[in-house]
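Trainee: One structure, as structure tokens, below. Some questions next.
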Amino acid sequence: MKIGIVTFQETNNYGAVWQNYALQQAIIKRGHEAETIDYKSEYIGRPYRFSHLTNKGLFSYLFGVMGYIIYLPRTKKCREFRKKLFYSRAVKKADLSKFNEEYDCFIIGSDQVWNHKLTGMDATYMLDFVTDKTKCNSFAASVGLSCIEEEKQKEYKRLLEGYANITVREKSARQLLEPIVGRDVETVSDPCVLLSYDEWSSVAKPMRPKNSYVVVYQLGVSADVVKLAKKIAKENNLKVVYVPFPVGSFGKGTWDVTAGNAELLGYIRDAAYVVTDSFHGTLLSIILNKQFFTKVSGTHAGVGSRIVDLLDGFGLSNRIISDNLNHCDKIDYSAVNPLLEQRRTEAGNCLEKILSK
């Protein structure tokens, strides 16, 4: 079969690119063709437009603009990594319907594709252009909202009606959507778990001598993240590498604002410790069997529940940065890896279910 994937493919967000790559590779490994539809949303691609301010609110608007600016220096290297993916021809919204005959199946996901505040309720991310709804599937789609307004619920119900399979990434998304769509919604792990240590390692770029540094991958403002990284580095005589830079407190060390997906993977794989507040930074740390710590609150608290669920599932709640943290504790991956393999099998079975049509 030929599969069309719809996701946030035009961004230089590390996690968005990783999950897209992982899903596409997993489909190809199962003997199918896979392309990410090269659709660029005006709403997402231009977060700096003042017209977005009313819909997003001041904080979310400013955060989006800041993110856009921060992502600019990494554009070249992220573009290099995206050469590993397969894309359709570039398409505008008015022409999406032409893809109906080109693909046997469509998959929307992962990422916060069903967060209408991020998409501006762009129904492309609910596959509204697909005429045969039995071709529509979601894989680990995320909502990223604590509630969906009543007037939006009707749109969600109409747009998701008739899907062959609806799977989401978080329990909270399932609980939110099931009453709206009036059917069972499954949960499945982020597509990144579909690939093994070796598969991720093969696309990682070596950045520094192994185990000579702590890498900090930070999304939100948190002095705790920087403080812990500096403490671990001092106690273990390690350097600190910040991607892209410390946020919330000054951090002496190497700042890499141009790192792309391969570079950050290399930093994580070869680090002695990882300190992050990112969902995908946490997940890749687990897959790559790293000693890591994660912040789940602060200005980027929107990812908090996702990280808490992820860590709970692996018995790693003690990696959350808090006043009670014992940063000397080491992760025993002989206990974690069987759980990781179980998640990989479950995600693979879910994908097989979609592709079995």
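Trainee: Filter the range 67-96 down to the residues that are among the small types (Gly, Ala, Ser) and free of Cβ contacts under 8 Å to residues at least 60 places away in the same chain and list them by number. Can you show your working first?
Mentor: Of the range 67-96, the ones among the small types (Gly, Ala, Ser) are 67, 88, 90, 94.
Scanning the range 67-96 gives 67, 90, 94.
One line per residue, one yes/no per condition, for (1) assigned to a helix (DSSP H, G or I); (2) charged (D, E, K, R); (3) under 25 Å from residue 107 (Cα atoms):
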| site | (1), (2), (3) |
| --- | --- |
| 318 | yes, no, no |
| 323 | no, yes, no |
| 326 | no, no, no |
| 329 | no, yes, no |
| 335 | yes, no, no |
| 338 | yes, no, no |
| 342 | yes, no, yes |
| 345 | yes, no, yes |
| 350 | yes, no, yes |
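The rows are residues; the columns are (1) farther than 26 Å from residue 15 by Cβ; (2) over 19 Å from the mean Cα position of the chain (by Cα); (3) part of a helix (DSSP H, G or I); (4) in contact (Cβ under 8 Å) with a residue 12 or more places away in the chain.
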residue	(1), (2), (3), (4)
98	yes, yes, yes, no
128	no, yes, no, yes
137	no, no, no, yes
148	no, yes, no, yes
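Trainee: Just for the range 256-277: of the residues that are small (Gly, Ala, Ser), touching a helix residue (DSSP H, G or I) at 6+ places or on another chain (Cβ under 7 Å) and part of a loop (DSSP other than H, G, I, E, B), which one is nearest to residue 328 (Cα to Cα)?
Mentor: The selected residue is 272.
Trainee: May I pose another question? Please indicate, with yes or no, whether at least one residue in the range 160-167 is in the same structural domain as residue 132 (by TED's automatic domain parsing), under 20 Å from the mean Cα position of the chain (by Cα) and surrounded by 20 or more Cβ atoms within 10 Å (Cβ to Cβ). Outline the logic, then answer.
Mentor: Step one: filter the range 160-167 for residues in the same structural domain as residue 132 (by TED's automatic domain parsing), giving 160-167.
Filter again for under 20 Å from the mean Cα position of the chain (by Cα), leaving 166-167.
Of the ones still in play, those that are also surrounded by 20 or more Cβ atoms within 10 Å (Cβ to Cβ) are 166-167.
Yes, some residue in the range 160-167 is in the same structural domain as residue 132 (by TED's automatic domain parsing), under 20 Å from the mean Cα position of the chain (by Cα) and surrounded by 20 or more Cβ atoms within 10 Å (Cβ to Cβ).
Trainee: Still on this structure, I have one more. Which residue, of 240, 214, 275, 296, is closer than 23 Å to residue 171 by Cα and either in the same structural domain as residue 117 (by TED's automatic domain parsing) or β-branched (Val, Ile, Thr) (or both)? So that I can check it myself, show each step before the final result.
Mentor: Values: 240 fails: closer than 23 Å to residue 171 by Cα; 214 fails: closer than 23 Å to residue 171 by Cα; 275 fails: closer than 23 Å to residue 171 by Cα.
Within the list 240, 214, 275, 296, the selection yields 296.
Trainee: Residue check: is residue 242 among the hydroxyl-bearing types (Ser, Thr, Tyr), assigned to a strand (DSSP E or B) and at negative phi? Before you say what the answer is, go through the steps one by one.
Mentor: Details: among the hydroxyl-bearing types (Ser, Thr, Tyr): yes; assigned to a strand (DSSP E or B): yes; at negative phi: yes.
Here the answer is yes, as residue 242 does meet what is asked.
Trainee: Can residue 257 be described as at pLDDT 95 or above and surrounded by fewer than 21 Cβ atoms within 10 Å (Cβ to Cβ)? Before you say what the answer is, go through the steps one by one.
Mentor: Working: at pLDDT 95 or above: yes; surrounded by fewer than 21 Cβ atoms within 10 Å (Cβ to Cβ): yes.
The answer is yes for residue 257.
Trainee: Given (1) surrounded by fewer than 17 Cβ atoms within 10 Å (Cβ to Cβ); (2) at pLDDT 95 or above, identify the lone condition not met by residue 206.
Mentor: Exception for residue 206: condition (2).
Trainee: Next up: Is it true that some residue in the range 94-103 is at pLDDT 95 or above and under 17 Å from residue 279 (Cβ atoms)?
Mentor: So far as the range 94-103 goes, no, none of its residues is at pLDDT 95 or above and under 17 Å from residue 279 (Cβ atoms).
Trainee: Quick one: which residue in 329, 309 is assigned by TED's automatic domain parsing to the domain that holds residue 270, acidic (Asp, Glu), in contact with a helix residue (DSSP H, G or I) (Cβ under 7 Å, 6 or more places away or on another chain) and over 29 Å from residue 236 (Cα atoms)? Break it down stepwise before answering.
Mentor: Working: 329 fails: over 29 Å from residue 236 (Cα atoms).
That would be 309, the only listed residue that is assigned by TED's automatic domain parsing to the domain that holds residue 270, acidic (Asp, Glu), in contact with a helix residue (DSSP H, G or I) (Cβ under 7 Å, 6 or more places away or on another chain) and over 29 Å from residue 236 (Cα atoms).
Trainee: Being hydroxyl-bearing (Ser, Thr, Tyr), modelled with pLDDT of 95 or more and under 22 Å from the mean Cα position of the chain (by Cα) is the filter here; which residues of the range 209-251 pass it?
Mentor: Scanning the range 209-251 gives 217, 242.
The values are calculated or read from the model by the stated rules, or taken from the named source; none is laboratory data. What you are looking at is a predicted structure, and each value in this text was computed from that prediction instead of being measured. Every residue, glycine among them, receives a Cβ derived from its backbone with ideal geometry; neighbour counts consider all protein chains shown.
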